[in-house]
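Report on the following structure.
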Amino acid sequence: SRSIRLAVIPGDGIGPEVVAQGLKVLGAVLPSDVKLDTRPYDLGARRWHATGETLPDAELDSLKDHDAILLGAIGDPSVPSGVLERGLLLKLRFAFDHYVNLRPSKLFPNTPTPLAGRPDIDFVVVREGTEGPYTGNGGSLRTGTPHEVATEVSVNTAYGVERVVRDAYERARSRPRKRLTLVHKTNVLVHAGQLWKSVFDRVGAEYPDVTTDYLHVDAATIFFVTQPERFDVIVTDNLFGDILTDLAAAVTGGIGLAASGNINPAGAFPSMFEPVHGSAPDIAGTGKADPTATVLSVALLLRHLGYEAEAVRVERAVAADLAERTGKTRTTDATGDALAARAAG
Ligand code: IPM
Ligand code: MN
């Protein structure tokens, strides 16, 4: 019989609240012969305050022994900035080689957007997840003096760029429009830009069926607002992808709907699924958090594990629920119940 070994990191703030709803929907949609085996991990601000640990090696090791990871949110104002981000979230992405940070953006019917004319938005950002300015390379000289010099080196390897670019071409090929846009800043970041552009063009020769173009990241932000329907698949580096996907969320119903997958495509390590939003400590415990981004992340998880029909059911449940949402607020739990009921069909 089939089984899913799922590691669960509820994390901080609203993380546990939204994760509970994600698990509810997962339980409702899985075929009855699939055994769901979840294991919770107590990681995040509470743990750090109690023990000073962010992600001990023993836990990193035992996390490996799962088919996937579901993560709520990490971060709390009581923890110095960067401690949990670097010591937990980025550590997981790097240790498990999550080089594809997949972030779909779709404007569902009836979902508010600040954009005029309700454009037809349905694109996916393939954000590189293990390199760029996120590697922690750099340092500071003469720290704290008026002569301080701080560097933050963006690391881009041919290996790292090629594997994520290939993944993006494959995704573009599998979609009806077969369009792929490279976003970078080749006019200023000439070294990294040259590497990305040459790999993009060289690999592209193997995908004559995929239509490609290139945009500087600043121009891309304009098109995200003025012409988002032009995008199908976007591939970009870690930092540009971080920024662009927040903008993408803002124009497609807000951060409460934005899902993501940190994917290790070959499956050497478990992939990790998480809402794009943070821990929102200001609304934690109020029952106001929207669990939809987590539920859509569960759909990505299902798809990654080969449960395509179930993934589609979750996405349809979200679309149907959004179509009927009114301005009235509903509790986190009630939204989870509604989505689970629809997904169970
Ligand atoms: C995200 C977050 C993280 C990132 C932070 C919390 C490290 O903003 O998942 O987009 O920058 O990747
Ligand atoms: Mn971000």
(Q) Can you say whether G82 is at pLDDT 95 or above, at positive phi and small (G, A, S), as far as the supplied structure shows? (A) no
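Okay, residues lined up against (1) within 16 Å of ligand 2 (Cβ to nearest atom); (2) over 26 Å from I283 (Cβ atoms); (3) modelled with pLDDT of 95 or more:
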| position | (1), (2), (3) |
| --- | --- |
| L70 | no, no, yes |
| G75 | yes, no, yes |
| L89 | yes, no, yes |
| R93 | yes, no, yes |
| H98 | yes, yes, yes |
| S105 | yes, no, yes |
| P112 | no, no, no |
| G117 | no, yes, no |
| V126 | yes, yes, yes |
**Q.** Selection count, the range 259-281, where residues are buried (at least 24 other Cβ atoms within 10 Å of the Cβ) and near ligand 1 (Cβ under 10 Å from one of its atoms)
**A.** 6
**Q.** Any chance S3 is surrounded by 13 or more Cβ atoms within 10 Å (Cβ to Cβ) and either polar (S, T, N, Q) or not assigned by TED's automatic domain parsing to the domain that holds A344 (or both)
**A.** no
Q) Looking at the range 8-28, is at least one residue touching a residue at least 60 places away in the same chain (Cβ under 8 Å) and surrounded by fewer than 17 Cβ atoms within 10 Å (Cβ to Cβ)? A) yes
Q: Taking S81 as meeting all but one of (1) surrounded by fewer than 21 Cβ atoms within 10 Å (Cβ to Cβ); (2) touching a helix residue (DSSP H, G or I) at 6+ places or on another chain (Cβ under 9 Å); (3) not assigned by TED's automatic domain parsing to the domain that holds T245, write down the number of the exception.
A: (2)
Q. Restricting the first residue to the range 42-71 and requiring it to be on the phi > 0 side of the Ramachandran plot, which pairs with a second residue that is of a type in the set (D, E, K, R) and in a loop (DSSP other than H, G, I, E, B) meet a Cβ separation below 9 Å and a spacing of at least six or different chains?
A. G44/D12; G44/D76
Q: State the number of residues belonging to the range 23-59 that are outside any strand (DSSP E or B) and over 22 Å from L90 (Cβ atoms).
A: 12
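Where in the range 181-256 are there helices (runs of 4 or more DSSP H), lying fully within it, with 1 or more residues that are of a type in the set (K, R), without any contact (Cβ under 8 Å) to a residue 40 or more places away in the chain and surrounded by fewer than 19 Cβ atoms within 10 Å (Cβ to Cβ)? Walk me through it before giving the result.
Numbers: elements: 190-204, 217-226, 238-251.
Those helices (runs of 4 or more DSSP H) span 190-204.
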Q) Of the residues in the range 268-283, how many are of a type in the set (A, V, I, L, M) and within 15 Å of ligand 2 (Cβ to nearest atom)? A) 3
Q: Return the only residue of G287, G256 being within 15 Å of ligand 2 (Cβ to nearest atom), over 12 Å from the mean Cα position of the chain (by Cα) and either over 29 Å from N156 (Cα atoms) or modelled with pLDDT under 95 (or both).
A: G256
Q | Lone unmet requirement of (1) in a loop (DSSP other than H, G, I, E, B); (2) over 23 Å from A172 (Cβ atoms); (3) of a type in the set (A, V, I, L, M, F, W, C) for A266 | A | (2)
Q. Among the numbered criteria (1) in contact with a Ser or Thr (Cβ under 6 Å, 6 or more places away or on another chain); (2) under 25 Å from R179 (Cα atoms); (3) crowded, with 24+ Cβ neighbours inside 10 Å; (4) not basic (K, R), which single criterion is violated by A73?
A. (2)
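Sort through S1, S81 and tell me the only one that's in contact with an Asp or Glu (Cβ under 8 Å, 6 or more places away or on another chain) and farther than 29 Å from A323 by Cβ.
Numbers: S81 fails: in contact with an Asp or Glu (Cβ under 8 Å, 6 or more places away or on another chain).
When all the criteria are applied, what remains is S1.
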**Q.** Residue list for the range 41-53, restricted to those being within 16 Å of A7 (Cβ to Cβ) and surrounded by 14 or more Cβ atoms within 10 Å (Cβ to Cβ)
**A.** Y41, L43, G44, R47
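Go through the residues of the range 236-248 one by one and say whether even a single one is more than 16 Å from ligand 2 (Cβ to nearest atom) and either at pLDDT below 95 or closer than 13 Å to R103 by Cα (or both). Break it down into steps so the answer makes sense when it comes.
Step one: list which residues in the range 236-248 are more than 16 Å from ligand 2 (Cβ to nearest atom), which gives none.
Within the range 236-248, none of the residues are more than 16 Å from ligand 2 (Cβ to nearest atom) and either at pLDDT below 95 or closer than 13 Å to R103 by Cα (or both).
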Q: Considering each of A319, A309, A338, A293 in turn, give the residue that is surrounded by fewer than 15 Cβ atoms within 10 Å (Cβ to Cβ) and either at pLDDT below 95 or assigned to a helix (DSSP H, G or I) (or both).
A: A309
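The values are calculated or read from the model by the stated rules, or taken from the named source; none is laboratory data. For clarity, every value in this text was computed on a predicted model and none was experimentally measured. Neighbour counts are summed over all protein chains in view; Cβ atoms, including those assigned to glycine, are modelled from backbone coordinates with ideal geometry.
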